[in-house]
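Student: Have a look at the structure that comes next, please.
The values are calculated or read from the model by the stated rules, or taken from the named source; none is laboratory data. Source: prediction; values computed, not measured. Here the Cβ is made from the backbone with ideal geometry for all residues, glycine too, and neighbour counts use every protein chain on show.
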Amino acid sequence: MLRVLLKNPALRNVLFVALLLGSAFGLGHLANRHHIQRDITHNASNSLEPASVEVLRQMSGPVTITAYATEQDVRLGDIRKIIRDFLSLYQRYKPDLRLVFIDPEKEPEKTRAARIQLNGEMVVEYAGRSEHLTQLNEPVLTSTLLRLAHTRGQTVMYLDGHGERKLDGSANHDLGALFGAKLKQNGFRINSLNLALAQEVPGNVSALVITQPQVDLMPGEVDKLLRYVERGGNLLWLVDAEPLHGLERLAEKLDLLLPPGIVIDPAAAGMNAPVTWSLGAAYPPHPVTRNFNLITAFPSARPLVWNENPVWQHAVLVEVAARGWVSRSAPAGNKPHDENRLSGHPFDKQHDTAGPAVIALALQRNINDREQRIVVVGNGAFLANSYAGNGGNTDLGVNIVNWLAGEERLITLQPRALKDSSLVLGKTQLTVIGIGFLLGLPLLLASVGGAMWWKRRRN
């Protein structure tokens, strides 16, 4: 019976159309029920970084973005389409992200009330808080969402008054240009602390940063530091290969041994860096270094050694110089003479210690019904304005503070590496391609069609 029906051309056409419509309907039904997308563009330009997706998943309430943009911009053209297309990447993972457009020319009063300065400026609102956005890219927008979600107003203080590096300073040895600025971008407040004036370390400090003092701390100041640690305060101690200037008691409190010398890393010579620089590349598992795969550089780092103590849990964060050693004769600092040559710092079996060396350590303990977190790094220069731009130095420092403050979700976003996808052609190449598409391709298609027609006619 089926063969008889298929011999009828009209019925065969009807059956074909029915199967085609049925297939289209079935595929449409499956597409509505199961959303499957795959970004095959160069450099995954149509997808968000996993870090951005995780931030959106952690935001429980709706987000409203109001864009003050005209329908056409002289320089950018259809600016609303640019904003809409970009934010659609975020709406894919957060459907309750609402986009509202306001034309500054048609509604000037609303524009003035919102203090808008630029065409295309946006106001991002979440949980009763808002921020202005003048740049449109993934790191900036996701960082803005992080700050809005960070409602506790965490404060990071740094010890001051003894020539320490300033967390908001702009001098080469200070930490403010990159590291401090990144902390502010993540929503932390930064304040200085002079223990000669303050009665105690404030109890609302999320983390206290101690860098290398240049003069001795007074005994009363050290007492206040020790009381802060005894109460369970979180601490980041950046200790250089220099005298401790009164902080020896803090090292004893933490059961730390700080042997003299700096780390010599032959791997640095292979990177055309001074051998007195220690390069971190592989990191032990820890929340600070989770999914962290950037190279870090530590100029003139000192090794950290500790006594095992059941009170503290120790975790290595950075271990360097697997083929290097700790030299007691190499000078601290970065002098230009021959620091990139191993011959300038030969291994001394009697005085030097073979690597690897630990230069960053995390300590934890439970006290007063909470978890106390302390990180000690045998180097402060790696976050200084002169060196923080090397590799992932700033990112590692921010991750450390996020962990100390109990904000592991404030992950550091790594900007997507831009790949060169441009194609530059010469005049001759453009001429050949133009002739090929305008004349060659049509002639080829016409020839194929003519050959098929002639073949059918002969048959």
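Student: If Val424 satisfies every condition in (1) modelled with pLDDT under 75; (2) assigned by TED's automatic domain parsing to the domain that holds Asn366 but one, which is the exception?
Tutor: Unmet condition: (2).
Student: Going through segment 167-206 one residue at a time, which ones are in contact (Cβ under 8 Å) with a residue 60 or more places away in the chain and closer than 22 Å to Glu248 by Cβ?
Tutor: Result: no residue meets the conditions.
Student: Being over 20 Å from Ala282 (Cα atoms), out of contact with any Lys or Arg (no Cβ under 8 Å at 6 or more places or on another chain) and surrounded by fewer than 19 Cβ atoms within 10 Å (Cβ to Cβ) is the filter here; which residues of segment 370-393 pass it?
Tutor: Arg370, Ser386, listed by residue number.
Student: Only one of these is crowded, with 19+ Cβ neighbours inside 10 Å and not charged (D, E, K, R): Pro285, Pro299, Pro260. Name it.
Tutor: Pro299
Student: What is the one condition in (1) surrounded by 19 or more Cβ atoms within 10 Å (Cβ to Cβ); (2) under 21 Å from the mean Cα position of the chain (by Cα) that Thr211 does not satisfy?
Tutor: (2)
Student: Kindly list, by first and then second residue, each pair from a residue in segment 18-29 that is modelled with pLDDT of 70 or more to a residue that is surrounded by 10 or more Cβ atoms within 10 Å (Cβ to Cβ) and among the small types (Gly, Ala, Ser), limited to pairs with Cβ atoms under 6 Å and residues at least 6 apart or on different chains.
Tutor: Final answer for the pair search is none.
Student: Another question, if that's okay. Against the conditions (1) modelled with pLDDT under 80; (2) part of a loop (DSSP other than H, G, I, E, B), where does Gly406 fall short? Just the number, please.
Tutor: Looking at each condition in turn, Gly406 falls short on (1).
Student: Among the strands (runs of 3 or more DSSP E) confined wholly to segment 134-253, which include 3 or more residues that are outside the structural domain of Leu361 (by TED's automatic domain parsing)?
Tutor: By residue number, no strands (runs of 3 or more DSSP E) qualify.
Student: Still on this structure: Against the condition touching a helix residue (DSSP H, G or I) at 6+ places or on another chain (Cβ under 9 Å) and touching a residue at least 24 places away in the same chain (Cβ under 8 Å), how does Val239 come out, does it pass?
Tutor: yes
Student: I've got another one for you. Which members of segment 282-324 meet the condition of being in a helix (DSSP H, G or I) and in contact with an Asp or Glu (Cβ under 6 Å, 6 or more places away or on another chain)? So that I can check it myself, show each step before the final result.
Tutor: Within segment 282-324, the subset in a helix (DSSP H, G or I) is 287-289.
Once the filter is applied, which keeps residues that are in a helix (DSSP H, G or I) and in contact with an Asp or Glu (Cβ under 6 Å, 6 or more places away or on another chain), segment 282-324 yields only Pro287.
Student: When segment 259-281 is examined, which residues are found to be more than 30 Å from Glu407 (Cβ to Cβ) and assigned to a loop (DSSP other than H, G, I, E, B)?
Tutor: Pro259, Pro260, Gly261, Asp265, Met271, Asn272, Ala273, Pro274, Val275, Thr276
Student: Name the single residue that is modelled with the highest pLDDT among those in segment 329-345 being loosely packed, with under 13 Cβ neighbours inside 10 Å and not hydroxyl-bearing (Ser, Thr, Tyr).
Tutor: Arg341
Student: Considering segment 54-88 alone, what residues qualify as being under 13 Å from Thr142 (Cα atoms) and either surrounded by fewer than 17 Cβ atoms within 10 Å (Cβ to Cβ) or in contact with a Cys (Cβ under 6 Å, 6 or more places away or on another chain) (or both)?
Tutor: If the condition is that a residue be under 13 Å from Thr142 (Cα atoms) and either surrounded by fewer than 17 Cβ atoms within 10 Å (Cβ to Cβ) or in contact with a Cys (Cβ under 6 Å, 6 or more places away or on another chain) (or both), then Glu54, Arg57, Gln58, Phe86 are the ones that fit.
Student: Go through Ile400, Ile411 for me and flag whichever is outside any loop (DSSP other than H, G, I, E, B), surrounded by 18 or more Cβ atoms within 10 Å (Cβ to Cβ) and either modelled with pLDDT under 90 or not hydroxyl-bearing (Ser, Thr, Tyr) (or both). Talk me through it step by step, then tell me what you get.
Tutor: Working: Ile411 fails: outside any loop (DSSP other than H, G, I, E, B).
Among Ile400, Ile411, only Ile400 is outside any loop (DSSP other than H, G, I, E, B), surrounded by 18 or more Cβ atoms within 10 Å (Cβ to Cβ) and either modelled with pLDDT under 90 or not hydroxyl-bearing (Ser, Thr, Tyr) (or both).
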